[in-house]
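Here the structure comes first, spelled out in structure tokens, and everything after it is commentary.
The values are calculated or read from the model by the stated rules, or taken from the named source; none is laboratory data. It should be emphasised that the depicted structure is a prediction, and the values quoted were computed from it without experimental measurement. Neighbour counts are summed over all protein chains in view; Cβ atoms, including those assigned to glycine, are modelled from backbone coordinates with ideal geometry. These area figures cover heavy atoms from the full protein model, side chains too; ligands, DNA and RNA do not enter into them. Shrake-Rupley method; radii C 1.70, N 1.55, O 1.52, S 1.80 Å.
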Amino acid sequence: MSRIVGIDLGTTNSLVATVDSGIPLVIADADGQRLTPSVVHFPGAGAAPMVGHPANRVRVIRPAETVYSAKRFIGRRGAEVAREEMTLTYPVAGAGTGPVTMRIHGRDYTPDEISAEVLKKLKADAEAYFGEAVTRAVITVPAYFNDAQRNATKHAGELAGLTVERIVNEPTAAALAYGLLRLREKSKIAVYDLGGGTFDLSILELNNGVFQVLATNGNTRLGGDDLDRRVVDFLVAKIIAAGGPDARGELPMLSRIREAAEAAKIRLSTEAEVEIPLPFLTPTFSFTCRLRREELEDLTRDLIAQTRAHCLRSLGDAKLEAKDLDQVILVGGQTRMPLVRRCVAEWFGCAEFEETRGDLRLGADYHKAAGPMLNTSQNPDEAVALGAAIQAEILSGGFKDILLLDVTPLSLGIETFGGLMNVIIPRNTTIPVKAGELFTTAVDGQRSMLIHVLQGERERAKDNWSLGKFDLEFEAAPRGIARVGVQFEIDANGILHVLARDTKTGHQKIVPMKSAVDVDDAAVQQMVEESVEHAFDDLKARQWIEAKLRAEETAKATRNGLAECGGELPEEQRVKIETALGAVEALLAAEDARTKIGEPVKLKAANAALDQATQPLAEILMDRAMEVLLRKRGLIQ
Ligand code: AMP
């Protein structure tokens, strides 16, 4: 079997790494470069695409044919990408359920194809290093990538001629790199990973070589690129105010401004003030301005603040407080920004620190009681790739004393009666995992059942993200007979497989989920954020739907019972039942026409009162049923 390499396929930069004699290391390319910009340039006229540094160099002069940040679009439908997200310096298109595409020289490229070009270059670098073919890889993805994005990443690997042996979550990989030298230790850590396009926060427990992810949370659309965009907007406005051209829509000019903005942002991590020179934006207009670190912080503070909610949610999910953590490990290029470090230190109550040259140093009197340690020991650019290489080595039979237990970031389930989401695998469940449920038929003679697979954290099906629907056919059977077992399996890559089985015939089928880009990812991020915001309403909706289903059933049975043998009841009891029934029906009728929600607490109480009132009626019905049975068996006349 050929060797397996570890690849960090980043929004901004990508790397390939391996483990040599037990030591993880990043493989440099022929020019000695360890970081490959995730940039692809298409020269046209049948010429092979340029990848990495050479592509990055022509990005400013040929912006429309040079694709960067393709990871932002991988596994996403056209319809779900906001217009402003598409305002890049190359043409991005996409609508409806089709994939997002980049039109270059009249041909539409998918993000998978662009990423495959980057992967081919890394594969070639690894082959040059080993002097042999490399066909197998471990590739990392943001922990918060959904099913579609994971599948698309795998697809990109296949297009590049790589068998993707494992998809690993980026913060988990970073934790592996951090923990490799601490295999005999026991600790709890958080990995705060802010890269070019994505943010992840994972909490892990390390115990004698076991890396157990406790919780993960994040945002697949937040990263350094967004900060750059703020600086670009700031510069564009300044240029216009200085009587210069309006750069919006002017691709080459915008590309130059974007490059200057990012360079300024990076320099402001170590300098207090920088000059941004933009000579000859037009033949007659040159521009220059100064930007101070505080100004950059003011422009971007709200973006960084957005990561806080994810940190809090992860801690909550892990049932930990910040003070329970030993370390907060920073990875991803954007965590070099002093404001990011200050914010994280403050939110996690990290030990006293002092800022020196934009760097965060621990105060001399650091001690554990003061909170977790802000750990900047990992190279933020390389930790993820090194972790991928460690995972590759584990899969090749090395590092036998390491066990990695990762989790699924989003809950998976199916739609049930009343439009509710029935969770089958809750979020933050350790993977790989299998879980299933038996479903029964609702009506006599039913021949098929619609299974609607959902991903998300909301109570009602319609608020979650639809992964797909499928019809399951089986032999007709009486109502209520258990017929179908549906099993969800999340593999070690975090990818979902659905299996359905007819329990009578034993016939089973693997249900294909829709192709990666056909998956509706429209509001997944928003949905998860809203799940907390709407937790109370959602709970009320669930309680209402449950109470309503029950009330409707009891009311119907009561009406039938009264019609059948109400006359046998004493007047007083019959009135009592009718009053209780009236109360239930009045509450059902009072359901809000718009929200389809009523008063669950009142309805539950009314249901209970009706149950109580119908006791004598139930007894008469029982006696009757018994009489019928005994007569049938010839035991009474
Ligand atoms: P990654 O995806 O981890 O490679 O991170 C890339 C992001 O980190 C890009 O948005 C870079 O602009 C940003 N970045 C890299 N170095 C620095 C730095 N020294 N200060 C601030 N941001 C940086």
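Overview of values
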| item | result |
| --- | --- |
| The chain: relative contact order in percent, alpha carbon pairs under 8 Å with at least 6 residues between | 12 |
| Rounded FRET efficiency, nearest 0.05, which uses the C-beta distance separating K469 from E627 and R0 of 41 Å | 0.30 |
| A45-E619 FRET efficiency (beta carbon distance; Förster radius 56 Å; 0.05 resolution) | 0.05 |
| Spin-label pair D326/L588, simplified geometry with 7 Å Cα→Cβ offset, distance in nm | 5.9 |
| Inter-label distance, nm, simple model (7 Å from Cα along the C-beta direction), A476/D444 | 1.1 |
| Which of M1, M373, M626 is most accessible, then next, and so on - probe 1.4 Å | M1, M626, M373 |
| Between helix 111-130 and the chain: long-axis angle, C-alpha atoms, 0 to 90°, nearest 10 | 60 |
| Cα→Cβ-extended label distance, 7 Å offset, between L312 and A133, nm | 5.4 |
| Selection from G418, I481, Y192 lying farthest towards where the dipole of the chain points positive, charges on Cβ | I481 |
| Relative contact order for the stretch 1-97, counting Cα pairs under 8 Å that sit 6 or more residues apart, in percent | 19 |
| Two-site FRET efficiency, H105 against N560, from Cβ-Cβ distance with R₀ of 60 Å, rounded to 0.05 | 0.25 |
| Lys, Arg +1 and Asp, Glu -1 on Cβ, resulting dipole of the chain about Cα centre, debye, nearest 20 | 720 |
| log10 of Debye I(q)/I(0), alpha-carbon scatterers only, for the stretch 374-476 at 0.15 Å⁻¹ | -0.80 |
| Accessible surface, 1.4 Å probe, highest first, among residues R479, R341 | R479, R341 |
| Solvent-accessible area per residue for the chain (1.4 angstrom probe, square angstrom) | 44 |
| Rounded to 10°, Cα long-axis angle of helix 224-241 versus longest principal axis of the chain | 60 |
| Dipole-positive endmost among S2, I114, V384 within the chain (Cβ charges, Cα centre) | S2 |
| Rounded, prolate or oblate (a/c below 1.5 giving rounded, otherwise prolate when a/b exceeds b/c) for the stretch 169-229 by Cα gyration tensor | prolate |
| Two-decimal Rg to Rh for the stretch 1-64 - Kirkwood Rh, Cα set | 1.08 |
| Carbon + sulfur, % of accessible area of the chain - ligands and nucleic acids excluded, 1.4 Å | 53 |
| Cβ charges +1 (Lys, Arg) and -1 (Asp, Glu), total dipole of the stretch 1-145, debye | 260 |
| In Å², nearest 10: area of L325 left accessible to a 1.4 Å probe | 0 |
| In degrees, nearest ten, helix 383-395 long axis to first principal axis of the chain (Cα) | 60 |
| Cα centroid of the stretch 255-273 to Cα centroid of the stretch 595-636, whole Å | 74 |
| The stretch 84-241: C-alpha gyration tensor shape, a/c 1.5 cut-off, then a/b vs b/c | oblate |
| Contact order normalised by residue count of the stretch 84-134, Cα under 8 Å, 6+ apart, percent | 17 |
| Residues of the stretch 430-464 with amide N under 18 Å of a point placed 7 Å along Cα→Cβ from I510 | 432-436 |
| Listed residues S396, S14 arranged by accessible area, highest first, probe 1.4 Å | S396, S14 |
| The chain: C-alpha gyration tensor shape, a/c 1.5 cut-off, then a/b vs b/c | prolate |
| Sparse-neighbour loop sites [trypsin sites (Lys or Arg not before Pro); the stretch 171-218; at most 15 other C-beta within 10 Å; DSSP] | R184 |
| Accessible area (Å², 1.4 Å probe, nearest 10) - T503 | 70 |
| Solvent accessible area, Å² - R501, 1.4 Å probe, full protein context | 110 |
